[in-house]
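Report on the structure given below.
Where a number appears in this text, it was derived from the coordinates with a stated rule and is not lab data. Everything numeric in this text was worked out from a predicted model, so none of it was measured. Heads up, the Cβs are rebuilt from the backbone with ideal geometry, glycines too, and the neighbour counts pull from every protein chain shown.
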Amino acid sequence: MATQNLTAADFGATISENPIVLVDFWASWCGPCRMFAPVYEAASTQHPDIVFGKIDTEAEQQLAAAARITSIPTLMAFRDGILVFSQPGALPAAGLEQVISAVRDLDMDDIRRKVAAQQPDDVTA
């Protein structure tokens, strides 16, 4: 599957409705972004079970701000709707494959327990 452009309108649904989603935050003027684009596109064809999204930080400034993007390119990985990886910088193909393998191999029950432990207790008035 090829990469797909994501916007604020479809970002949340894409994250929640797909088991694994990688998101590349980029801009057309960014040299490292342009270098990473073919690596990311090639990986998207090798892993058709993963959604490879791209967010143009110029067109989606509010979404980039909400994601706290301060450097591009930034790669984020979501598994079962949970952010499990976020790193700025262009990755070589081997590095991207390592990220994909690590995300696939995560123990999501353990991740969910950790996320739940970080949530404040439900306090009712």
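Data overview
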item	result
Cα-based radius of gyration of region 19-124 once divided by 2.2 N^0.38 Å, which approximates compact folds	1.16
Length-normalised contact order of region 4-118 in % [C-alpha pairs under 8 Å, at least 6 apart]	32 percent
Net +/- balance of residues flanking Phe52 in space, Cβ distance below 12 Å, scoring K and R +1, D and E -1	-2
Mean ellipticity per residue at 222 nm, deg cm²/dmol - from DSSP H runs of n ≥ 4 across the chain, formula -39500 (n - 2.57)	-13500 deg cm²/dmol
Theoretical gain in end-to-end length, Ser101 to Met35 [0.36 nm per residue, Cα-Cα removed]	21.6 nm
Local electrostatic count at Trp26 - Lys and Arg +1, Asp and Glu -1, tallied over other residues with Cβ under 12 Å	-3
Cβ-Cβ FRET estimate between Arg113 and Thr45, R0 fixed at 25 Å, reported to 0.05	0.15
DSSP beta bridges in the chain [antiparallel fraction, %, rounded to 5]	60 percent
Distance (nanometres) between label positions extended 7 Å along Cα→Cβ at Gln61 and Ala8	1.1 nm
Cut-off 12 Å between beta-carbons: net charge of the residues surrounding Met76, Lys and Arg +1, Asp and Glu -1	+2
